[in-house]
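Undergrad: Before I ask anything, let me first share the structure, which is written out below as structure tokens.
The values are calculated or read from the model by the stated rules, or taken from the named source; none is laboratory data. Note that the structure is a prediction, hence the values are computed from the model and not measured. Cβ coordinates were reconstructed from backbone atoms using ideal geometry, including for glycine residues, and neighbour counts include every protein chain displayed.
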């Protein structure tokens, strides 16, 4: 009886669960999760699950609710702002948000903090390169080794003063 049911079951199944869509294509046995940002849990960029969600929405299917979470800066309620994109800790795209108290400023402050943490965790601008034998072929460049234009200007000024060189003469 199960085999006959599977032969007759030729419809994709799409439904809203939480803030995402759950999708089971007609020829699959397990569900995949598709986010509001069109990212599927299977990992493929152009996936049949995302297409099934698009078909579901075109036929009048309901959308999931906007996720509600608290602002990491002040703890206030937030609303989705589709004009801004962000990436979560796993690198997935998601929409930005605005805080009821701090607005867009709190979103940008939280994003800047995450960027600072990522930069602190990875100090390399260009990481070192090793060959198959484990020997260092290229030493790499640390972000701290790169000078800003202000630092370059100050170093040049100091060299001019110490050497007595006058670049305007």
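Undergrad: Among the residues of the range 44-65, which ones are exposed (fewer than 13 other Cβ atoms within 10 Å of the Cβ) and more than 16 Å from residue 12 (Cα to Cα)?
TA: Within the range 44-65, 44, 45, 46, 63, 65 meet the criteria.
Undergrad: Please name all residue pairs, on different chains or six or more residues apart, with Cβ atoms under 6 Å, provided the first residue is in the range 93-120 and is under 17 Å from residue 143 (Cβ atoms) and the second residue is modelled with pLDDT of 95 or more and part of a strand (DSSP E or B).
TA: Within 6 Å, no pair qualifies.
Undergrad: Let me ask something else. Looking at 28, 11, 44, which is the one that is under 22 Å from the mean Cα position of the chain (by Cα), outside the structural domain of residue 105 (by TED's automatic domain parsing) and outside any helix (DSSP H, G or I)? Full working, then the answer.
TA: Details: 28 fails: under 22 Å from the mean Cα position of the chain (by Cα); 11 fails: under 22 Å from the mean Cα position of the chain (by Cα).
Criteria check complete, one pass: 44.
Undergrad: Take the range 66-120 and flag every residue that is surrounded by 11 or more Cβ atoms within 10 Å (Cβ to Cβ) and on the phi > 0 side of the Ramachandran plot.
TA: Residue satisfying the conditions is 103 alone.
Undergrad: Test each condition in (1) touching a strand residue (DSSP E or B) at 6+ places or on another chain (Cβ under 7 Å); (2) at pLDDT below 90 for residue 111 and report the one that comes out false.
TA: The number of the failed condition is (2).
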